[in-house]
Ligand SMILES: [Zn+2]
Ligand SMILES: [Zn+2]
């Protein structure tokens, strides 16, 4: 067994464990198991061309301008076809109701009527219009097309975030959105000294952030900010801000030792997503598992 296969089976085991311990995750894991494995495998295996040596504008960065708005993180020569060939069947496996939509999307990609890179070329400007056009062209629900594009973005950004991490190490970043890709966090992890780290919902980068501040609206103060706990689960909580109405699932590091996978950790907290959304709060980052 090579190390890639070893990691894939460790991931599968972690998913089985999650289903066993938290049966409410079963449907989400079943739906996304193949996609999670395929995505992680691509992140491990793909070797992207390295970017030209580059340094961010430190003043703009400190002011809150993330890497993706200073420097393109997607390249035309990135392995778009390989990503589509692996991810579309993986999504189809767990989401049979989207199978036909995804098949038509695949046909459009294969026959060249759409070029995946066109979407990523315009990525920093939020290319929602293009997504709508593609959905119409492929006769597919925009949600199906968006699901695939989100996975493709996550794969490339996860690899580039690792490349960019040393470049921004030591630079001051005080924002609640990701310093690499500008997405909001899907998870917060409290370390043993009480420090809080946010985990990006898109590229997986993690960064330190003040515990008393709302990552979404930067509100700071006791009034209107709460950590909700569920009985018997002292290591799991939700940060909620009444000012912006957003919440962020949170775990203590005790639960996050070896083999920590932030997707699985976040999926393990979907019972908290249910509770918070029933109370009218919105997640800081929409993820495939927290849209009810
Ligand atoms: Zn990010
Ligand atoms: Zn807020």
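In table form, for the structure just shown:
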| quantity | calculated |
| --- | --- |
| Candidate set: the range 200-209, residues that are touching a strand residue (DSSP E or B) at 6+ places or on another chain (Cβ under 7 Å) and not in a strand (DSSP E or B); chosen: the one farthest from ligand 2 (Cβ to nearest atom) | 201 |
| Some residue of the range 164-185 being part of a helix (DSSP H, G or I), crowded, with 20+ Cβ neighbours inside 10 Å and touching a residue at least 24 places away in the same chain (Cβ under 8 Å) | yes |
| Set 109, 105, 98, 202: member being within 18 Å of the chain's Cα centre (by Cα) and modelled with pLDDT of 95 or more | 202 |
| The range 219-236 - residue that is within 16 Å of ligand 2 (Cβ to nearest atom) and under 17 Å from residue 281 (Cβ atoms) and, of those, modelled with the highest pLDDT | 219 |
| Extreme residue, nearest to ligand 1 (Cβ to nearest atom), among residues of the range 43-67 that are without any contact (Cβ under 8 Å) to a residue 24 or more places away in the chain and closer than 25 Å to residue 173 by Cα | 65 |
| Among residues of the range 120-152, those that are surrounded by fewer than 21 Cβ atoms within 10 Å (Cβ to Cβ), within 15 Å of ligand 1 (Cβ to nearest atom) and either in contact (Cβ under 8 Å) with a residue 60 or more places away in the chain or farther than 18 Å from residue 202 by Cβ (or both), counted | 1 |
| Sole residue being away from ligand 1 (no atom under 16 Å from the Cβ), farther than 27 Å from residue 149 by Cα and in contact with a helix residue (DSSP H, G or I) (Cβ under 8 Å, 6 or more places away or on another chain), chosen from 288, 253, 238 | 238 |
| Residue match in the range 193-201 (condition: in contact (Cβ under 8 Å) with a residue 12 or more places away in the chain, within 21 Å of residue 271 (Cα to Cα) and loosely packed, with under 13 Cβ neighbours inside 10 Å) | no |
| Evaluation of residue 192 against (1) at pLDDT 95 or above; (2) in contact with a helix residue (DSSP H, G or I) (Cβ under 8 Å, 6 or more places away or on another chain); (3) farther than 22 Å from residue 46 by Cα; (4) away from ligand 1 (no atom under 16 Å from the Cβ) (one fails), failing number | (1) |
| Some residue of the range 264-278 being exposed (fewer than 13 other Cβ atoms within 10 Å of the Cβ), in a loop (DSSP other than H, G, I, E, B) and out of contact with any helix residue (DSSP H, G or I) (no Cβ under 8 Å at 6 or more places or on another chain) | no |
| Selected residue (criterion: farthest from residue 273 (Cα to Cα)) from residues of the range 224-241 that are part of a loop (DSSP other than H, G, I, E, B) and free of Cβ contacts under 8 Å to residues at least 12 places away in the same chain | 232 |
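The values are calculated or read from the model by the stated rules, or taken from the named source; none is laboratory data. Just so we're clear, the structure is a prediction, and the values are computed from it rather than from any experiment. Quick reminder, even Gly has a Cβ in these numbers, built from the backbone with ideal geometry, and neighbours come from all protein chains shown.
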